[in-house]
Amino acid sequence: MKNKSLWISGIKDESCKSLDKNICVDVLIIGGGLTGISTAFNLKDSKLNIALIESDKIGFGVSSKTTGKLTYLQELIYNKLESNFNYDTAKKYLDSQIDAINIVKENVSKYNIKCDFVKNSSYTFTNNDKEITNFKKEEKILKKANIKYEIINKLTNGYNCKYAIKVDDTYVFHPIKYIISLKNICIKNGIKIYEDTTALKLKKESNHYICETKNNKIKAKWVVVATHYPFFVIQGLIPLKTHIEKSYISASITNDIKDFNVITNSYQIKSIRYPLDKDKYIIFATNSHKLCDNLDRKKEYNKMVNEVHKSISRDIKFIWTNQDIMTNDNLPFIGVLNKNEPNLLIGTGYNTWGMTNATIAGKVLSDIILGNKNRYIDLFDPNRKFSMDKIKNFFVNSYLNGKAYVVTKLKKNYPWYENKVRFENRNGVNVGIYTDEKGNEHIVRNLCPHMKCSLIFNMKDKTWDCPCHGSRFDIDGNVVEGPSVYGIKVKEKR
Ligand SMILES: Cc1cc2nc3c(=O)[nH]c(=O)nc-3n(C[C@H](O)[C@H](O)[C@H](O)COP(=O)(O)OP(=O)(O)OC[C@H]3O[C@@H](n4cnc5c(N)ncnc54)[C@H](O)[C@@H]3O)c2cc1C
């Protein structure tokens, strides 16, 4: 059983070189996940001079750890949007998701992209009588929007099901194969892509931006921040408008071939992507929780593995985790981050539906740059007005993040550390020390450079994890996942 995502296994992609000089461009895209690559792809036929920088490898961020579904049936999202906003907002979001699926479909066909793109059906189901009223509301919205659906009370996978909504025109694909194909088309069209290049700072200077990397500077008229979680705090105040949700995923060998996906609506979400062919994997995601909860990550992994062994397959080949940004009002943030800076754009907050939302973000962000009209600019406007959910979730999530901040400052040791982790103050610096299997000590600063939260140790992945905003570091203090762009080595300068 490998502790990594199925999608990166066996991928051989030629690396792009890192940035080795100062450059000046019209558009700088920071981050090469599906958002960044889709934006670059949509700008490829313009006359603009475009560069994309990626701190790791293109596509190997959150986009490489999904379940790879392209669906507009997203739990009971339309019901949430209608009650928080109105029917028109819910309908517009629905249209945006269908448009996103069609964009991928067109790209796959036009450029002959080999990314295992296949049509299947999607179900959202429940076993809980109390949820049926909300399922009926979702059904009503789909009906009003002229979407073809079926109501089912039996699933053919043997799961107990009291009520399910089924739609047919949804798809699955291999996210990395798709992203890499778009990347190669971008490169052929003259877009400069630099891997292993991290944006550390972004400054506005008169009518342009200066982005600083470790050794170089990039001057740009437009900047698109497609880094999943933004690496800066003040601009856009994203930490106050979002929280992070984490899930545990497995891919197992099975003979259970089916042409559908299922997802529950109840917390904690369970999601299954069945294989359509023999020898393909069944993907199961479960144990979704807020990042600041369930701090014993190894226990969550074990829970997932036990559940898969019991109900899916004994033959697990890959396990991994993924975390996504959830917005307080259930709509993504795509567009101008701050009204006073119309050339600074962002695409984030996809509420675990980023394959469609990153695709539509690519279209919206490129249309803003090109000055084209786009009917979704207002819908996803990061500066949109307050709504009831936004206010309520602002208080709930701020409280939970604040609690995680305080608790991890006060309580450091946990029984699940099995005496392999300890904390000390060395010369005025709070450090965390992990002792590996060979008895070697690995010492790091126990403070996340992003917003100064204390870290917890993840005994399964052997990483130091921030329970507030999701940064992760390896045992020697190198960044594994942002938003922090700085590591936690004891002597690291910044
Ligand atoms: C369990 C789970 C399952 C999911 N399954 C699905 C699904 O089936 N369908 C679906 O629609 N969505 C799904 N999602 C959601 C989806 O994975 C994400 O919303 C989406 O991948 C986010 O894409 P992105 O481009 O914004 O981020 P990323 O793919 O993370 O891209 C951001 C990139 O920016 C780079 N970066 C970060 N900081 C810097 C910096 N300072 N400088 C340079 N580069 C930087 C990172 O290395 C990364 O490559 C799932 C999410 C979870 C948690």
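The values are calculated or read from the model by the stated rules, or taken from the named source; none is laboratory data. Quick caveat: nothing in here was measured; it's all calculated off a predicted structure. Cβ placement follows ideal geometry from the backbone for every residue including glycine, while neighbour counts extend to all protein chains displayed.
Given the condition surrounded by 21 or more Cβ atoms within 10 Å (Cβ to Cβ), at pLDDT 95 or above and either assigned to a helix (DSSP H, G or I) or hydroxyl-bearing (Ser, Thr, Tyr) (or both), answer yes or no: does some residue in segment 52-60 qualify?
Scanning segment 52-60, I find at least one residue that is surrounded by 21 or more Cβ atoms within 10 Å (Cβ to Cβ), at pLDDT 95 or above and either assigned to a helix (DSSP H, G or I) or hydroxyl-bearing (Ser, Thr, Tyr) (or both), so the answer is yes.
Which residues, taken from segment 218-257, are within 16 Å of GLU341 (Cα to Cα), away from the ligand (no atom under 15 Å from the Cβ) and surrounded by fewer than 19 Cβ atoms within 10 Å (Cβ to Cβ)?
LYS219, LYS221, ILE234, LEU237
PHE394: buried (at least 18 other Cβ atoms within 10 Å of the Cβ) and either of a type in the set (Phe, Trp, Tyr) or under 20 Å from the mean Cα position of the chain (by Cα) (or both), yes or no?
Spelling it out, it is not the case that PHE394 is buried (at least 18 other Cβ atoms within 10 Å of the Cβ) and either of a type in the set (Phe, Trp, Tyr) or under 20 Å from the mean Cα position of the chain (by Cα) (or both).
Would you check which residues across segment 114-129 are out of contact with any strand residue (DSSP E or B) (no Cβ under 7 Å at 6 or more places or on another chain) and within 23 Å of TYR178 (Cβ to Cβ) and list them?
Selection gives LYS114, CYS115, ASP116.
Does segment 25-45 contain at least one residue that is hydroxyl-bearing (Ser, Thr, Tyr) and either surrounded by fewer than 24 Cβ atoms within 10 Å (Cβ to Cβ) or more than 15 Å from the ligand (Cβ to nearest atom) (or both)?
no
Which condition number in (1) of a type in the set (A, V, I, L, M); (2) closer than 28 Å to TYR178 by Cα; (3) free of Cβ contacts under 8 Å to residues at least 40 places away in the same chain is the one that ILE132 fails?
(2)
Name the single residue that is nearest to LYS114 (Cα to Cα) among those in segment 12-24 being more than 14 Å from the ligand (Cβ to nearest atom) and either modelled with pLDDT under 95 or surrounded by 18 or more Cβ atoms within 10 Å (Cβ to Cβ) (or both).
Per the stated criteria, the residue is LYS12.
Scan segment 214-266 residue by residue and report those that are among the β-branched types (Val, Ile, Thr) and under 22 Å from LYS192 (Cα atoms).
Hits for segment 214-266 are ILE218, VAL223, VAL224, VAL225, THR227.
Would you call SER55 within 11 Å of the ligand (Cβ to nearest atom) and out of contact with any Leu (no Cβ under 8 Å at 6 or more places or on another chain)?
Criteria met by SER55.
Give just the number: which of (1) hydroxyl-bearing (Ser, Thr, Tyr); (2) assigned to a helix (DSSP H, G or I); (3) closer than 18 Å to PRO230 by Cα; (4) at pLDDT 95 or above does SER398 not satisfy?
Going through the list (1) hydroxyl-bearing (Ser, Thr, Tyr); (2) assigned to a helix (DSSP H, G or I); (3) closer than 18 Å to PRO230 by Cα; (4) at pLDDT 95 or above, SER398 breaks only (4).
Any idea which residue in segment 191-209 is nearest to the chain's Cα centre (by Cα), counting only those that are aliphatic (A, V, I, L, M) and buried (at least 16 other Cβ atoms within 10 Å of the Cβ)?
Looking at residues that are aliphatic (A, V, I, L, M) and buried (at least 16 other Cβ atoms within 10 Å of the Cβ), I get ALA199.
Kindly indicate whether THR264 is under 24 Å from PHE117 (Cα atoms) and under 16 Å from the mean Cα position of the chain (by Cα).
Answer is no for this residue.
Considering only segment 347-395, how many residues are part of a helix (DSSP H, G or I) and within 16 Å of the ligand (Cβ to nearest atom)?
Of the residues in that region, 14 qualify.
Filter segment 191-201 down to the residues that are within 13 Å of the ligand (Cβ to nearest atom) and either free of Cβ contacts under 8 Å to residues at least 40 places away in the same chain or outside any strand (DSSP E or B) (or both) and list them by number.
Once the filter is applied, which keeps residues that are within 13 Å of the ligand (Cβ to nearest atom) and either free of Cβ contacts under 8 Å to residues at least 40 places away in the same chain or outside any strand (DSSP E or B) (or both), segment 191-201 yields GLU195, ASP196, THR197, THR198, ALA199, LEU200, LYS201.
State whether the residues of segment 320-339 include one that is within 16 Å of the ligand (Cβ to nearest atom) and of a type in the set (D, E, K, R).
yes
Which one of these does TYR72 not meet: (1) buried (at least 20 other Cβ atoms within 10 Å of the Cβ); (2) in contact with a strand residue (DSSP E or B) (Cβ under 6 Å, 6 or more places away or on another chain); (3) not in a strand (DSSP E or B)?
All conditions are met except number (2).
Could you grab me the full set of residues in segment 202-216 that are of a type in the set (Val, Ile, Thr) and part of a strand (DSSP E or B)?
ILE210
Please list, ordered by residue number, the strands (runs of 3 or more DSSP E) wholly in segment 425-485 having 3 or more residues that are touching a residue at least 24 places away in the same chain (Cβ under 8 Å).
Result: 429-435, 441-445, 456-458.
Of everything in segment 332-346, what is crowded, with 23+ Cβ neighbours inside 10 Å and touching an Asp or Glu at 6+ places or on another chain (Cβ under 9 Å)? Give them in sequence order.
Listed by number, the residues that qualify are PHE333, ILE334, GLY335.
Quick check: anything in segment 178-190 of a type outside the set (Asp, Glu), within 9 Å of the ligand (Cβ to nearest atom) and either within 30 Å of ASP116 (Cα to Cα) or surrounded by fewer than 22 Cβ atoms within 10 Å (Cβ to Cβ) (or both)?
Scanning segment 178-190 turns up at least one residue that is of a type outside the set (Asp, Glu), within 9 Å of the ligand (Cβ to nearest atom) and either within 30 Å of ASP116 (Cα to Cα) or surrounded by fewer than 22 Cβ atoms within 10 Å (Cβ to Cβ) (or both).
Among the listed residues ASN112, ASN102, which satisfies the condition of being free of Cβ contacts under 8 Å to residues at least 24 places away in the same chain, surrounded by fewer than 18 Cβ atoms within 10 Å (Cβ to Cβ) and assigned to a loop (DSSP other than H, G, I, E, B)?
One residue alone meets the criteria, ASN112.
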